[in-house]
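The structure under discussion appears below in the form of structure tokens.
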Amino acid sequence: MAAIDISSVGKIYNGGVRAVSDINLDIKDGEFIVLVGPSGCGKSTLLRMVAGLEAISEGTVKIGDRVVNEVEPADRDIAMVFQNYALYPHMSVRQNLEYGLKNRRTPKAEIDARVNEAARMLEITQYLDRKPRALSGGQRQRVAMGRAIVRKPAAFLFDEPLSNLDAKLRVSMRGEIKRLQRRLGTTSIYVTHDQLEAMTLADRLVVLNGGQIEQVGSPLDVYHTPASTFVAGFIGSPAMNLVKAELQGDKLAIGPSLISLDGYAPTSGAVTVGLRAEDLRVVSANEGMPFIVEYVEELGSQRLAHGLVGDQAVTIALSGEAEITDTMWIAIDPSRLHFFDAGTGKRLEARATVTATAPVPEPVG
Amino acid sequence: MYRTRFSDHLVLIVGALFLCTPVVVAFMTSTHTAADIHMNGLSLTWGGNFIDTYEKVLTQKGGFTGEITGTSMVINSLILGVGFAVGKIVLSMLAAYAIVYFRFPMATLSFWVIFTTLLLPLEVRIMPSYQVMSELGLLNSYTGLIVPLLASATGTFYFRQFFKSVPEELLEAARIDGAGPFKFFIDILVPISRTMIAAIFIIMFVYGWNQYLWPMLMTTDERFFTLMRGIKSILQVWIGSQIPDYNEAFALAVLAMLPPVAIVVIFQSWFIKGLTESDK
Amino acid sequence: MAYTTSQPQPGGFLSRLGFGGAARKKPAAAAEEMKRVQFTSPVLPYLFLFPQLAVIFIFFYWPSVQALSSSFYIEDPFGFGSTFVGMSNYTDALFSAEYQSIALFTAAFTIIVTFLSLSIGLLLAVKADRIIKGSSTYKTLLIAVYAIAAPVSGLIGMMFFDQHIGPFVKMMSYLGWNMQVGLNYYDTAFAMIVVAVWKQIPYNFIFFLSGLQNVPVSVREAAMIDCRSGFRRFWTVVLPLLAPTAFFLLTINVTYSLFDTFGLIDVMVKDKPANNPITLVYKVYNDGFRGNDLGGSSAQSVILMIVVFVLTIFQFRYIERRVHYN
């Protein structure tokens with residue numbers, strides 16, 4: 001077990017394509033870090049640089065006290081779980097688990113003990129003599145986990161390990177990974193493009209975009225105070241509504257509607273405003289903004305109404321029994337508004353320009 | 001849902017008959033005596049002379065030196081087939097491994113040097129190849145028979161294609177598990193290539209066994225004659241004889257086609273897989 | 001992830017040449033890219049390549065270069081040196097009436113054999129693909145003769161066309177055709193074509209059948225909903241999807257007709273090429289080994305090499321464009 005220190009790391013491929021730039025990340029011993037972002041954001045590349053499967057072009061990666069830039073993957077004391085499991089198809093489950101230990105000349109008795117323990121932990125004992133092809137997707141996933149566990153590595157690296165599973169299995173395996181990591185206390189880096197997976201697993205989330213870190217923080221931090229429009233749109237489901245608006249003094253103009261801000265305006269002029277679907281509430285006619293409903297998504301516990309405010313798309317989340325009419329009036333508590341720079345998309349802190357009467361973007365709820 | 005029509009079966013039956021009848025006739029005719037064949041022509045029925053004919057073909061010493069039997073030709077054909085197949089697999093697996101799994105400056109050049117051989121079959125450079133062999137003193141030797149046939153990229157190409165289809169993560173997982181180039185090759189790559197190796201062995205064995213032109217040029221010493229070379233000789237003896245040994249010629253033909261046909265029929269699925277998934 | 005360590009991509013040429021078979025069936029990207037992770041070692045790759053390269057240099061490049069160089073010389077038949085003659089071996093070959101007629105026969109033979117064995121192979125594959133009952137029996141019967149060597153097929157063919165015992169000769173004589181295979185030029189050519197086609201059908205059958213079985217069921221079902229006529233469906237949907245296979249087979253069949261039929265021809269002309277049809281490859285062999293005309297034979301080899309090159313490039317430049325990949 002060890003801390004991992006990633007400093008100023010970048011990746012430039014032959015031919016000058018830059019995949020990752022200037023990543024700084026201190027991962028504490030035993031921490032569960034999730035790298036999340038859309039495909040092509042560089043999250044897998046970053047993970048693979050930590051694993052030693054990609055050369056590090058710039059910066060340094062330290063595992064424990066050792067800089068591992070030039071260290072072979074096998075000597076980095078890490079274990080990796082791959083998306084397609086990468087089990088050796090010609091070996092039995094037991095042989096798959098043993099292979100890495102044998103290559104390290106671990107004593108036979110020790111190997112057996114570790115394999116049996118891992119198998120018990122993952123409930124795959126009865127499959128130890130089967131070949132991977134005789135296993136279901138979920139079982140293969142467990143074997144892949146087992147292969148990582150028996151190594152007792154300093155860190156687990158997960159490369160989208162659940163994306164080949166069906167939705168239901170994914171949820172249960174997610175829980176299991178979390179439970180195992182808690183129990184073993186092994187530092188983990190987990191790559192996913194699924195924001196829900198990221199939210200549920202992470203001690204800290206790292207949101208990546210275009211090869212750079214957009215935001216690092218606890219899942220709730222990131223959810224409640226997204227650092228940019230990118231993070232705001234990526235984390236949370238349904239995605240945060242982002243609409244163009246204009247600050248006119250203490251008033252916010254969204255299309256034809258004006259919202260009074262009670263001193264929350266961070267700046268003036270054009271901004272992008274973020275409104276969480278669940279923060280929007282229905283008010284009586286002519287009180288808030290007019291909302292033209294286009295269609296409704298039924299989720300059972302919730303109803304999502306998609307429609308327009310002015311000419312901008314907005315989604316609101318309502319309780320399962322809420323009544324929905326063609327035109328509704330909606331409003332939001334000014335303290336729940338998120339402001340972003342209209343040009344850069346970076347978050348603007350409302351507190352900056354106002355009298356500090358209101359407790360501004362502290363995590364609410 | 002398509003309903004099978006009678007005409008479909010008819011076409012297939014005619015096709016199967018066209019393809020298979022000659023083989024059946026060859027076998028059946030070989031069980032008749034030469035005189036019988038001379039009188040009655042080819043036959044679709046059992047002739048009863050099976051043991052005599054095949055015993056004679058397999059054991060009677062013939063040729064100019066009197067040292068050659070059907071059995072020795074079968075053995076030579078086997079040596080050529082197996083030697084060629086094994087040599088091909090070893091050479092081409094190693095070469096393909098280097099090309100696919102290593103990063104080195106000469107990779108592209110090596111690739112081209114090897115794969116250019118796909119463009120020119122042995123037949124068009126037969127004369128100078130013969131001269132090279134005679135300069136190297138390799139005429140009438142198993143080395144001379146087998147090794148020059150290995151100078152083509154087909155096997156390398158098969159394995160290159162196959163290695164490229166092996167999931168990347170397998171190498172990555174193996175490296176994290178501490179496997180170096182040799183360990184990865186022996187522990188992972190060779191075992192997962194087993195089916196491929198078997199399929200290529202079959203294809204290459206058939207190819208080697210069926211070689212005709214090259215053995216014909218390389219071997220003047222009858223001790224090295226293969227079955228294909230024997231067929232050529234039996235036809236040369238033929239010219240001018242009153243009643244040619246039809247039965248023996250057919251028996252030789254049957255011996256020459258039996259192993260490849262049997263292999264193809266028995267290992268059909270491997271064979272087809274090997275052919276269609278890589279012979280391109 | 002799309003990121004790959006970009007590495008010179010040597011697969012391009014051969015995959016364009018149609019050798020990139022496996023990549024064609026899968027989503028191309030994954031299979032054709034170089035491995036993301038490779039070993040680096042100053043010695044190992046060369047060590048692994050050495051045996052293959054050594055064999056290729058000694059038995060491929062050396063003879064090929066020799067063929068090229070000796071094509072410019074006339075070798076003294078008794079082995080006393082050689083004389084440089086420039087291009088005259090080439091002009092002698094190209095302008096001789098004999099060479100021209102052999103070239104003409106080779107072309108005709110190649111076209112007829114390729115066309116017949118491809119179309120019969122396709123017909124059988126289409127039928128076998130439709131059959132459910134007994135399909136494996138048919139399949140076995142239809143591919144069984146694939147592995148028969150060219151000279152063996154020549155021998156069997158010769159027997160079937162034999163003056164005394166050949167059933168074909170007898171059959172044809174009822175129709176008033178006095179067949180004289182081995183003596184009459186056209187009769188021999190006919191027999192050669194029949195045998196050459198016979199031997200090649202199974203190969204084409206195997207590939208066409210596997211090509212047909214690779215046509216996704218959903219595509220066939222979609223076509224079934226869109227189009228009523230079975231023949232039209234085959235023509236407009238299935239055949240275009242088979243085009244890559246057909247294209248690949250075209251190359252293979254041309255190569256087969258040009259080169260692999262050597263054994264068959266050698267057996268069928270019974271060592272008497274004089275009044276029988278032969279192909280260019282046979283002439284290379286005959287002039288070199290029988291006629292001891294090393295220079296002439298080498299020049300013909302080089303001409304053939306050029307033909308193979310041009311054919312390959314032509315096929316892939318002009319025919320491939322009309323073929324629907326993926």
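Here are some notes:
- The antiparallel fraction among DSSP beta bridges confined to the protein assembly as shown stands at about 75%.
- In terms of distances greater than 26 angstrom between alpha carbons, the cross-link table entries A:Lys131/A:Lys152; B:Lys88/C:Lys35; A:Lys28/A:Lys178; A:Lys62/A:Lys131; B:Lys61/B:Lys88 yield A:Lys62/A:Lys131; B:Lys61/B:Lys88.
- Shielding by other protein chains, B:105-118, mean Cβ within 10 Å: 5
- Hz values of 3J(HN,Hα) by residue in region A:339-346 - Karplus curve (6.51, -1.76, 1.60), Gly and Pro given as x: 10, 10, 4, 5, x, 7, x, 6
- Positive-end residue, the protein assembly as shown charge dipole about Cα centroid, Cβ charges, pick of A:Ile78, A:Ala202, A:Gly343: A:Ile78
- Across region C:197-318, Cα pairs under 8 Å and at least six residues apart give a relative contact order of 18 percent.
- Each residue, C:Ser96 and A:Arg130, gets one label point 7 Å from its Cα in the Cβ direction; the gap between the two is 7.1 nm.
- Whole-Hz ³J(HN,Hα) from phi, Karplus 6.51 cos²θ - 1.76 cosθ + 1.60, for region B:129-145, glycine and proline x: 4, 4, 5, 4, 5, 6, 5, 7, x, 9, 5, 6, 8, 5, 4, x, 6
- In this structure, B:Arg5 and C:Ile313 have a Cβ-Cβ separation that, at R0 = 30 Å, corresponds to a calculated FRET efficiency of about 0.10.
- Taking all Cα pairs closer than 8 Å and separated by 6 or more residues, the relative contact order of region B:69-239 comes to 47 percent.
- When +1 charges are put on Lys and Arg Cβ atoms and -1 charges on Asp and Glu Cβ atoms, the dipole computed for the protein assembly as shown relative to its Cα centre reaches about 1420 debye.
- Environment charge of B:Ala256, counting only residues whose C-beta is closer than 15 Å and scoring Lys/Arg +1, Asp/Glu -1: +1
- The residues packed around A:Val171, meaning those with a beta-carbon under 12 Å from its beta-carbon, carry a net charge of 0 if Lys and Arg are +1 and Asp and Glu are -1.
- Scalar couplings 3J(HN,Hα) for region A:18-25, obtained by applying the Karplus form with A = 6.51, B = -1.76, C = 1.60 to θ = phi - 60°, are 9, 9, 9, 9, 6, 8, 10, 7 Hz; x denotes Gly and Pro.
- Shape of region C:99-322, Cα gyration tensor, a/c cut at 1.5: oblate
- Crossing angle, helix B:194-209 versus chain B [Cα axis fit, 0-90 degrees, rounded to tens]: 40 degrees
- Proximal aspartates and glutamates relative to A:Lys346, as straight alpha-carbon distance under 17 Å, when same-chain residues fewer than 8 apart are discounted: A:Glu214, A:Asp221, A:Glu246
- Charge sum, other residues only, whose C-beta stays under 15 Å from C:Ile303's C-beta, Lys/Arg counted +1 and Asp/Glu -1: -3
- Placing one equal scatterer on every Cα of the protein assembly as shown and applying the Debye formula, the log10 ratio I(q)/I(0) at q = 0.08, 0.09, 0.10 Å⁻¹ is -0.91, -1.05, -1.18.
- Shielding by partners for peptide C:130-138, expressed as the average number of C-beta atoms from other protein chains within 10 Å of each residue's C-beta, is 4.
- For A:Tyr190, distant residues with modelled amide H under 5 Å away: A:Ile33, A:Val34, A:Leu35, A:Phe158
A short reminder: the numbers here are calculations on the coordinates, not readings from a lab. Being a predicted model, the structure only gives us computed values, none of them experimental. Backbone-built Cβ (ideal geometry, glycine too); neighbour counts: all protein chains shown.
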